[in-house]
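Worksheet: one structure, shown below.
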């Protein structure tokens, strides 16, 4: 009965060894395999006889030999090997990645090991790492281009401001001309400040940390309105401001100015002919969430048709020579980068309403 039980145990052990999808190895301290299961032969393409007749090192990818031998030395000293990965060469020359768990049997000079084929996972990791490397390079290139453009534009702007300093306006009697010169001077100063902000923002910002500061919405929007005053005057725009609900926000200065300038200039650009343009900018607190609301009475658009494209790059919904589909793309990404949300409602002939919810 005892022999029968032993035989039965040995039989089922052999069956488990043979049918397992995992890779089973018994290796000797002499550097040779003593037994492998069919899954090993299937993966590596060798017969069992070929695998047992050659040193284990002959199957290991050359670049992994040194560290594999280091790990093997630890196993020989009685230490188990857990989650070790190395590469093996198949008979047809392919490379496969194996993840090992090995247990030594010091008395018999054997190592019992189970390995899993993790080639697919390693390929995915490699592709991901290549993609991340490429994205990092692209980001660095874009940052360099933006920095160069912002930096190089400051020289002509400074030259323009120098002209205003040299200009003797006391010799000019025409009030309209004086007003236009003042608008040009204010706009040039605003452009200089914006460029300086961009350069500073690029120099100190990364994707893990966005510089924020305590800002006044009313002061920021007034600065933006001043920079586009000529457009406002030309279009005879009425701007209504109401920041009674709250005025201070913790935000990135460049982002906030960009949000205002794009929403305001879009409202001016897409105004309805024959109707006095009105832009309303206000704050409110809804369900405990602080929100900025920017509304206009412009052309509007069919929200049902374009709702999935509104904030896409180069998406335009009106025939306008200055439409490039970049403004709303920037607004959306600025809001998202700051952890907020943006909603839009619009109707043809009735204007557009943007609601920006600030991060709590």
If I go through segment 313-339 residue by residue, how many of them are modelled with pLDDT of 65 or more, in contact with a helix residue (DSSP H, G or I) (Cβ under 9 Å, 6 or more places away or on another chain) and assigned to a loop (DSSP other than H, G, I, E, B)? 2
Strands (runs of 3 or more DSSP E) wholly in segment 238-308 with at least 3 residues that are under 20 Å from residue 333 (Cα atoms) - which ones? 248-251, 289-296
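So that you can scan it fast, the table gives a plain yes or no per residue for (1) at pLDDT 65 or above; (2) closer than 30 Å to residue 246 by Cβ; (3) out of contact with any helix residue (DSSP H, G or I) (no Cβ under 6 Å at 6 or more places or on another chain):
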| site | (1), (2), (3) |
| --- | --- |
| 122 | yes, no, yes |
| 128 | yes, no, yes |
| 140 | yes, no, yes |
| 157 | yes, no, no |
| 163 | yes, no, yes |
| 168 | yes, no, yes |
| 190 | yes, yes, no |
| 202 | no, yes, no |
| 224 | yes, yes, no |
All but one of (1) touching a strand residue (DSSP E or B) at 6+ places or on another chain (Cβ under 9 Å); (2) modelled with pLDDT of 90 or more hold for residue 275; which doesn't? (1)
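Okay, residues lined up against (1) more than 20 Å from residue 121 (Cβ to Cβ); (2) surrounded by fewer than 12 Cβ atoms within 10 Å (Cβ to Cβ); (3) in contact (Cβ under 8 Å) with a residue 12 or more places away in the chain:
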site	(1), (2), (3)
38	yes, no, yes
43	no, no, yes
49	yes, yes, no
57	yes, no, yes
61	no, no, yes
69	yes, no, yes
78	yes, yes, yes
85	no, no, yes
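The values are calculated or read from the model by the stated rules, or taken from the named source; none is laboratory data. Predicted, not measured: the structure shown is a model, and the values here were computed from it. Glycine gets a Cβ as well: all are built from the backbone with ideal geometry, and neighbour counts include every protein chain shown.
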